[in-house]
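Here the structure is laid out as structure tokens; the discussion comes afterwards.
The values are calculated or read from the model by the stated rules, or taken from the named source; none is laboratory data. Since this is a predicted model, take the numbers as computed values, not measurements. Note that we place each Cβ from the backbone using ideal geometry, even for glycine, and neighbour counts take in every protein chain shown.
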There are 4 protein chains.
Amino acid sequence: MSLRGVIPPLATPFRADGALDLVSFEANLESLAAHDLAGFLVLGSNGEAASLDEEEKLALVAASRRLLPGRFLLVGTGMESTRGTAALTRKAADAGADAVLVLTPSYYKPRMTAEALRLHFEAVADASPVPVYLYSVPAFTGLPWPPGLAAALAAHPRVAGMKESSGDIALMGRLVASVPASFQVACGNAPVFYPALCVGAAGGVLAVANCAPRPTIALHRAFLAGDHARARLLQQALTPLAAAVTANYGVAGLKLAMDLAGLRGGHVRSPLLAAPPAALDELRPLLERANQAAS
Amino acid sequence: MSLRGVIPPLATPFRADGALDLVSFEANLESLAAHDLAGFLVLGSNGEAASLDEEEKLALVAASRRLLPGRFLLVGTGMESTRGTAALTRKAADAGADAVLVLTPSYYKPRMTAEALRLHFEAVADASPVPVYLYSVPAFTGLPWPPGLAAALAAHPRVAGMKESSGDIALMGRLVASVPASFQVACGNAPVFYPALCVGAAGGVLAVANCAPRPTIALHRAFLAGDHARARLLQQALTPLAAAVTANYGVAGLKLAMDLAGLRGGHVRSPLLAAPPAALDELRPLLERANQAAS
Amino acid sequence: MSLRGVIPPLATPFRADGALDLVSFEANLESLAAHDLAGFLVLGSNGEAASLDEEEKLALVAASRRLLPGRFLLVGTGMESTRGTAALTRKAADAGADAVLVLTPSYYKPRMTAEALRLHFEAVADASPVPVYLYSVPAFTGLPWPPGLAAALAAHPRVAGMKESSGDIALMGRLVASVPASFQVACGNAPVFYPALCVGAAGGVLAVANCAPRPTIALHRAFLAGDHARARLLQQALTPLAAAVTANYGVAGLKLAMDLAGLRGGHVRSPLLAAPPAALDELRPLLERANQAAS
Amino acid sequence: MSLRGVIPPLATPFRADGALDLVSFEANLESLAAHDLAGFLVLGSNGEAASLDEEEKLALVAASRRLLPGRFLLVGTGMESTRGTAALTRKAADAGADAVLVLTPSYYKPRMTAEALRLHFEAVADASPVPVYLYSVPAFTGLPWPPGLAAALAAHPRVAGMKESSGDIALMGRLVASVPASFQVACGNAPVFYPALCVGAAGGVLAVANCAPRPTIALHRAFLAGDHARARLLQQALTPLAAAVTANYGVAGLKLAMDLAGLRGGHVRSPLLAAPPAALDELRPLLERANQAAS
């Protein structure tokens, strides 16, 4: 149970009226469970965790646990307050999480110094019954990761690793070089998955693994096998799709791509907007190209 | 009941263990109620709303309503999701809010287009039993206010105004020029309170009004009286204090300054850190200077 | 001879082939000389100084000196190197500059600490035969002005003031409060000219004064006369024009507006592009509105 | 003659009084010429080109040409104006440049659209007697590279490639995938040299190659040989040195490191400041570590 490999940050399908669509979520789990994925992330950024209430969150964790017996279940539990994060962490563990992924609090950005973040993560890890993974995603939090923080937190017995989603490969290299080998760093930015592996990332927690698990897993395998030429080709085939379902269209694009891939993306929850109709025509060939590269 | 005048965004005192200190909150309300303030904001950024759970939030609203009969009570109800914001808005109105202040959702920054924000605010206003004020604070959200959005939303019968906290006076001028006179814009950035009034702001929702209500109110009165020289002097006396309790030390500094002013700042809630001990010696003369300017 | 009042940063007309059009420049000088302007800036950002060679620069200074006898002639002499700036400063003074305006060097941004900038400006001031004004324009340099630098440099006998073009009114207030009264700060951002005056700016060095000198001067006079209502109205009438000739279209827009105003804007020099044809139709009513507000 | 391999962006030594120290420059050339470098860049950012006048620039080109017969000599000729860049390009070619490296103009940042940059580069390439390489370094210009611009310019017969110094590996991957194989992209950011090669960079134009040519060349060779483990180790050994001579201390740090390496770094030219004395003690072990990794 680790970040070594490919982990999809599961999307959360909603109905047209914004209600949670647990049936579609479970259908997606059954479909994705057939793949050789290293684990599953529930309640990540792509899961619209910021728009879910606690009851919904725990229902998603429970469903995931029930449908994914024996699989590595990582659960996003970051809240703005330390006490809120600790409380949700305990509830997620009770609901079956194998480990939690804790986002940097970011509302009071100018105050989120390395010291404030260190104390926050340590308090959460102290309270957590399960391993804790750190999570940095500056595109959403507006907060760069402070140099040295991962190394400081790696000393905590329950801090097990990190998801780094900025896509800054120099940072990824520095992170990996600064922590013990037991501290795993996952890449959370699909357009740099291959170079992240080159500089020492353990694996990837990648939105694109929801809609294109095969080529994403194939990239990781090619890298492990030392087949850099194939890994680079798979990266080039994945990048346009990955950019479309994150930078260009965001979660709404990811959900469309899941529909195209035979899963159930469902609606996004407001304030997110549905992707424009033209997105479907744009995504279809990108998805095909990614899948063909893996065959 | 309007934004015309000075409104303190009430701080939320916590005990050393992080528990809500409602007794101190109520003591502060009684103290501040003696001043000629245009109203009171509960659950704003300075109230650490991001770190409170719903039960705590509603307790603060109920206490404020009880202790401030007949006074304008504005309540922050912004959540990341539209449905969550609408739900909290209704509960806040039930608990006694005269109006709500709705922060821009900001987690999915790249997706928060003017269109997404417009639909969000309209849905919240549709659902709200009370007037809705828009709230933009890019220092915390990382989201600039889209030009034209205030004018578009001013057409909604329940959108009554806006709190603009970026401190961008060109934006303040453009906002005021773009909306009908009935749509009030409050300045949420104390170091530019006086110039904001010059270009048409109705008033100010200012952290510094918690610890130095007299000079803040005096500035507004001097402006209304056409005494620009005095308004400018009061601004110069307030600015260093305002910078200290926001940019330099944040909410922790504000709470120290409240202690100095005879109120009960209390502790901050983690992940915020207490201000360093030296802050007290820095804040004392700044507070004195601000108060002397008003005498 | 001071920054007290309105100073146009003169545009530099070019021919279609990119050659300097000194004849048009001189025609503009004669036209603008009829207005009650506090002075004239040659070789500023709006003068495309970055695209001129030294010979062209000195020809523009000499022409300005010849056609503006007895008027305050301010000349932009900032280069990336200290020695280059000092050398050009001396040549500009020899060619008739009454004072120089020295832009922050900015190529090595991460190295341009307050200390590096202070030593740069002091060395230039030591070498200058004429008063030196500091110049900060972060939109072009990417360099924020370090707090405290103006106060430190104000101690130099030949540093006379500053042009602050960020439009940050809190910064303007802090600057004015930090320097002796003899150190004048000019606003270089037309949409905040009136509030800048309110917080203590001495005057404005404003692109819009090239194409709409009357309303710009009228705003300053209304402020001096204590007629804040009129100053605010003039500001509201000037802002859309000012935004169009800076933020929207840049120098190319300014030149079109000068053509509309009966001056000779001429072409821009590549890599700047001509404004689109539609800009003319957009600028005409903005110019008319600004001029009508002054009548 | 190409970017395939390692190219040092030569530092420009100055005397204590700021005068050009051509003797030291030539001594460095002789020393570096002994290494298996793919070429040499004169007048790059690390060469303090922004602080040199034209006469100095051409003297450096002429000296380089004389001392580096038969070697690939790349010369930085970017100026703010298109005509200035074209003129310097021709003079550099006359003085012996094999190719030129043209920096994005950046003063009028908001106007430097993809279209403006495309026309600028095309005009320079039209005027150039030698191959033109594009150069993007957002840390200094504040200008991100527009997607699609390299592909558009690759169609010009004299545009041969690009130096990409942002360190954004996703961008590097996209660039390489968007241009024909004949268009070479060099990495200009040493901490990501190895991952840049992985995603398709042809080579590196790297400051660290001035003071540590052996490990930099060794990294490239290890990559060419398919020895990814060694390449990654060399990267990890080079990164701290590279960060110190760029991000931490800049050109002044690079010059100290050159002194340590037996070259003649010389002084920086003002407004750059000398590195603090402690930098020497910090750089020595970093340089040793980098060199040991190559042995």
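Remark: pairs (first residue in segment D:28-54, within 12 Å of chain C (Cβ to nearest Cβ); second residue of a type in the set (Phe, Trp, Tyr); Cβ separation under 6 Å; 6+ apart in sequence or on different chains) = D:Ser45/D:Phe140; D:Ala50/C:Tyr107.
Can you say whether A:Ser136 is polar (S, T, N, Q), buried (at least 24 other Cβ atoms within 10 Å of the Cβ) and at pLDDT 95 or above, as far as the supplied structure shows? Don't jump to the end; show me each part of the working.
Values: polar (S, T, N, Q): yes; buried (at least 24 other Cβ atoms within 10 Å of the Cβ): yes; at pLDDT 95 or above: yes.
Taking the combined requirement at face value, the residue satisfies it.
Of all the listed residues (A:Val100, A:Val6), the sole one being under 29 Å from B:Ser106 (Cβ atoms) and buried (at least 24 other Cβ atoms within 10 Å of the Cβ) is A:Val100. Criterion applied to D:Thr77, D:Thr85 was being out of contact with any Asp or Glu (no Cβ under 6 Å at 6 or more places or on another chain), farther than 18 Å from D:Glu164 by Cα and crowded, with 20+ Cβ neighbours inside 10 Å, and the one residue passing it is D:Thr85.
Residues in segment A:187-227 that are within 11 Å of another protein chain (Cβ to nearest Cβ) and free of Cβ contacts under 8 Å to residues at least 12 places away in the same chain: A:Gly226, A:Asp227. Suppose the filter is at pLDDT 95 or above, of a type in the set (Gly, Ala, Ser) and either surrounded by fewer than 24 Cβ atoms within 10 Å (Cβ to Cβ) or closer than 24 Å to C:Leu254 by Cβ (or both); does C:Gly204 pass it? So C:Gly204 passes the test.
The set of residues in segment A:265-294 being farther than 29 Å from B:Glu122 by Cα and either surrounded by 16 or more Cβ atoms within 10 Å (Cβ to Cβ) or in contact (Cβ under 8 Å) with a residue 60 or more places away in the chain (or both) consists of A:Glu282, A:Leu283, A:Leu286, A:Leu287, A:Arg289, A:Ala290, A:Asn291, A:Ala293, A:Ala294.
The helices (runs of 4 or more DSSP H) found wholly in segment A:177-295 and carrying at least 1 residues that are more than 20 Å from the chain's Cα centre (by Cα) and under 30 Å from D:Ala201 (Cα atoms) occupy A:213-224, A:228-243, A:278-293. When you look at B:Ala257, is it crowded, with 24+ Cβ neighbours inside 10 Å, more than 14 Å from chain A (Cβ to nearest Cβ) and modelled with pLDDT of 95 or more, yes or no? Criteria met by B:Ala257. Of the residues in segment C:57-72, at least one is surrounded by 21 or more Cβ atoms within 10 Å (Cβ to Cβ) and within 14 Å of chain D (Cβ to nearest Cβ).
Considering segment D:69-90 alone, what residues qualify as being more than 18 Å from D:Leu134 (Cβ to Cβ) and not in a helix (DSSP H, G or I)? If the condition is that a residue be more than 18 Å from D:Leu134 (Cβ to Cβ) and not in a helix (DSSP H, G or I), then D:Pro69, D:Gly70, D:Arg71 are the ones that fit. Return the pairs, sorted by first residue and then second, in which the second residue is not in a helix (DSSP H, G or I), the first residue lies in segment B:69-97 and is acidic (Asp, Glu), the beta carbons are less than 6 Å apart, and the residues are 6+ apart or on different chains. Close Cβ pairs (under 6 Å, with a partner that is not in a helix (DSSP H, G or I)) amount to B:Glu80/B:Pro105; B:Glu80/B:Tyr107.
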